[in-house]
1. Considering only residues that are modelled with pLDDT of 85 or more and under 15 Å from the mean Cα position of the chain (by Cα), which ones fall in region 129-147?
2. Going through region 119-139 one residue at a time, which ones are surrounded by fewer than 13 Cβ atoms within 10 Å (Cβ to Cβ) and closer than 19 Å to residue 13 by Cα?
3. Looking at region 53-65, which of its residues are under 29 Å from the mean Cα position of the chain (by Cα) and either under 13 Å from residue 34 (Cβ atoms) or part of a helix (DSSP H, G or I) (or both)?
4. Regarding residue 119, is this residue assigned by TED's automatic domain parsing to the domain that holds residue 36, more than 21 Å from the chain's Cα centre (by Cα) and more than 14 Å from residue 189 (Cβ to Cβ)?
5. Tally time: how many residues in region 66-91 are within 14 Å of residue 48 (Cα to Cα), over 22 Å from the mean Cα position of the chain (by Cα) and in a loop (DSSP other than H, G, I, E, B)?
6. Quick check: anything in region 35-53 closer than 29 Å to residue 114 by Cβ, surrounded by fewer than 18 Cβ atoms within 10 Å (Cβ to Cβ), in contact with a helix residue (DSSP H, G or I) (Cβ under 7 Å, 6 or more places away or on another chain) and touching a residue at least 12 places away in the same chain (Cβ under 8 Å)?
7. So, of the residues in region 188-204 that are modelled with pLDDT under 95 and outside any loop (DSSP other than H, G, I, E, B), which turns out to be nearest to residue 17 (Cα to Cα)?
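The values are calculated or read from the model by the stated rules, or taken from the named source; none is laboratory data. Given the structure is predicted, the values throughout are model-derived calculations rather than measurements. Cβ sites come from the backbone with ideal geometry, for glycine too, and all protein chains shown count toward neighbours.
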């Protein structure tokens, strides 16, 4: 299906940000947008059915954005998830370029300008990304350890690196040419899953387009307890999350037209490796052994390596804990008496 005829305003950057219960931290992100040195921006903020004062905070910025000369729109929606909220904003995008920062993060003043200038100077590219840094949301301290690997920053073919987490998917670091993005999603809707929005936004695009990296830290990621990515999940919730990721990746593979055997096996290997990790975490031995079997089938493990994994985690760790630790306790007790 074709996208409805849309006029994109040359040079305009559309910023689409979903937010849910962000009363305490939203201002920091909005202020960072207002502090951009780039002159042509539209901000589309989508409230995902917040129950706190998020909408009040958002609406208090109308005059500030008008004074800056930036477009500003607050979209209200029923609470669903971040990907659904993002869809609620994509329909209003009119800019030549698109970014989608998180509602608690921070754009350095040169963040937008540096990426636009790169794309203007390199028309052969449909996207570009910058680097990020991590900061404590309470103190502002920038010594926080990054959650993601940076990977090979000279590499531009990033589809598999993003899927396999060999490089970062940090949402606010990427800038896409809007026309090319909506060629991927003509109906302006990404798949809606509880697992977030970045795989949907990036993977189909990166399968089609090279993405160079500006090696500058132009985006700050807030490390905050209770955030969506850091909240503690129950076993049932985490296992559902893993299943949803698999369904999402299957849908993305279909969008990309991935049918060759090598790529399909690589996706199978990605699934098996994740299944192994979560089975190991929750002591589901049979599930872990099945995952190792599929890893072996798709080349992710040689049989000998799979055997070593099983021995290490269950024979060695379990046997030591069950048999040697009590002996150690007895010996330690005797030493204390002597």
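1. Once the filter is applied, which keeps residues that are modelled with pLDDT of 85 or more and under 15 Å from the mean Cα position of the chain (by Cα), region 129-147 yields 129, 130, 131, 132, 133, 134, 146.
2. 120, 121, 122, 123, 124, listed by residue number.
3. As a first pass, look at region 53-65 and keep what is under 29 Å from the mean Cα position of the chain (by Cα): 53-62, 65.
Residues satisfying the conditions are 54, 55, 56, 57, 58, 59, 60, 61, 62, 65.
4. Answer is yes for this residue.
5. The qualifying residues number 1.
6. yes
7. 196
Let's see how each residue does on (1) part of a loop (DSSP other than H, G, I, E, B); (2) within 25 Å of residue 97 (Cα to Cα):
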{"site": "124", "(1), (2)": "yes, yes"}
{"site": "135", "(1), (2)": "no, no"}
{"site": "138", "(1), (2)": "yes, no"}
{"site": "142", "(1), (2)": "yes, no"}
{"site": "145", "(1), (2)": "yes, no"}
{"site": "149", "(1), (2)": "yes, no"}
{"site": "153", "(1), (2)": "yes, yes"}
{"site": "157", "(1), (2)": "yes, yes"}
{"site": "160", "(1), (2)": "no, yes"}
